[in-house]
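Step one of this worksheet: look at the structure below.
The values are calculated or read from the model by the stated rules, or taken from the named source; none is laboratory data. Computed from a predicted structure; not experimentally measured. So basically every Cβ, Gly included, is an ideal-geometry build from the backbone, and we count neighbours across all protein chains shown.
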Amino acid sequence: MKSACIDAFSDDPGTVEVREAPVPRPGAGQVRVRMRMAPVNPSDFNYMDGIYERSFARMIWNRESDRPSDSPGSGELFPRPPYSLGVEGVGIVEESGGGFLGRRLVGKRVAVVSGPPNGTWQQQTLIDARRAFPVSRSLSDAQACSFFVNPLTALVLVRQVLQVPRGAVLLQTAAGSALSQMVRNLALEDGFRVIDVVRSRAGAERLRRSNAKYVVALEDEELLDAVHRIAPGGVGYVLDCVGGPTGSEALRALAPGGRMICYGTLSREPISLPPRDIMMPMTSVEGFYLAAYLAERALLQRLVLVRKTAQLIGSGVLGTPVERVYPLDALQEALEHARRPGRAGKILLDLK
């Protein structure tokens with residue numbers, strides 16, 4: 001079978017190779033999935049260059065440890081190359097390693113979320129049976145393969161973590177992304193306003209053509225000036241996946257008692273956090289990592305979330321726009337395309 005692998009951490013996508021690999025055999029609690037399609041997400045690049053591992057290594061519970069784990073007391077070490085890449089996707093369960101849940105999944109098409117060392121950018125992969133969820137025939141492979149990283153994150157952030165009320169104002173950075181479009185769709189359903197922040201004038205024009213109402217191009221206007229013009233008292237909520245100066249300014253755009261969620265680091269720069277910028281208005285800054293959030297939920301809670309996400313994908317609210325599909329053999333071209341600014345949709349890998 002073909003598998004997209006790396007041998008060492010690197011920020012050069014050219015180090016990713018598509019190789020022949022043996023078909024894996026599932027162990028206890030695992031299923032083997034014949035993959036059909038998978039997206040290229042920003043999180044995949046984090047697994048390439050080692051940002052996740054380095055971030056966990058800084059945590060206090062990993063102090064003096066040779067290898068980091070993702071939570072205190074966990075006996076499972078965070079993966080390190082060589083390994084196969086790919087965080088999510090869709091495929092058919094062909095074999096179970098045993099267990100009631102795994103046996104029930106055999107023959108079913110499932111959306112999966114996992115990540116290295118058993119990635120989804122390969123023709124066959126191993127998945128913990130608890131991370132494989134049957135999906136309706138009404139969902140295409142292109143929609144089902146992007147089930148978790150964007151749709152589920154958008155739903156959880158808006159309705160579970162922040163619980164944004166009707167009439168509120170939410171500001172989001174990197175607003176040209178697929179996830180940001182899903183937040184705008186949820187805003188229409190839930191009755192709150194969204195201020196969309198992008199870097200370029202061209203990106204802002206694309207959003208305006210798609211009927212985004214409050215758009216800020218940092219190329220043209222200072223963020224705080226723009227927010228003051230749109231919402232003079234500040235915003236109640238911020239979703240930031242950029243960090244750096246943009247995240248720092250977004251923090252200062254919060255109204256008293258406002259909340260900011262950091263869920264990405266596209267700029268690869270830290271946020272400046274003067275203590276009085278959160279003390280005086282009594283605002284809060286929180287982090288969000290989908291894998292950790294799901295790990296804290298019981299199986300029934302995860303199933304309810306998955307079911308609701310599927311409904312909203314089917315209705316188009318959390319649908320994923322697709323810009324182009326590449327075969328796995330064209331992986332380098334797909335990775336280069338995925339890193340281009342100003343894309344209008346997801347880059348997908350056809351693994352059939």
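In the list G342, G314, G287, which residue meets the criterion of being small (G, A, S) and at pLDDT 95 or above?
G287
Would you mind listing the strands (runs of 3 or more DSSP E) fully within the stretch 1-69 where at least 3 residues are in contact (Cβ under 8 Å) with a residue 12 or more places away in the chain and surrounded by fewer than 20 Cβ atoms within 10 Å (Cβ to Cβ)?
17-20
In the stretch 226-269, which residues are part of a helix (DSSP H, G or I) and surrounded by 14 or more Cβ atoms within 10 Å (Cβ to Cβ)?
Residues satisfying the conditions are A226, V227, I230, G244, P245, T246, G247, S248, E249, A250, L251, R252.
Can you tell me which residue among L349, L335 is within 30 Å of M1 (Cβ to Cβ), touching a residue at least 60 places away in the same chain (Cβ under 8 Å) and assigned to a strand (DSSP E or B)?
After applying the criteria, what remains is L349.
With the checklist (1) surrounded by fewer than 18 Cβ atoms within 10 Å (Cβ to Cβ); (2) touching a strand residue (DSSP E or B) at 6+ places or on another chain (Cβ under 9 Å); (3) without any contact (Cβ under 8 Å) to a residue 24 or more places away in the chain in hand, flag the one item A204 doesn't pass.
(1)
Does any residue of the stretch 149-161 turn out to be outside any helix (DSSP H, G or I) and touching a residue at least 24 places away in the same chain (Cβ under 8 Å)?
No, there is no match, as no residue in the stretch 149-161 is outside any helix (DSSP H, G or I) and touching a residue at least 24 places away in the same chain (Cβ under 8 Å).
Which residues, counting only those in the stretch 270-288, are loosely packed, with under 11 Cβ neighbours inside 10 Å and among the hydrophobic types (A, V, I, L, M, F, W, C)?
M279, M280, M282, listed by residue number.
Filter the stretch 215-240 down to residues that are over 22 Å from R343 (Cβ atoms) and not basic (K, R), then give me how many there are.
Of the residues in the stretch 215-240, 17 are over 22 Å from R343 (Cβ atoms) and not basic (K, R).
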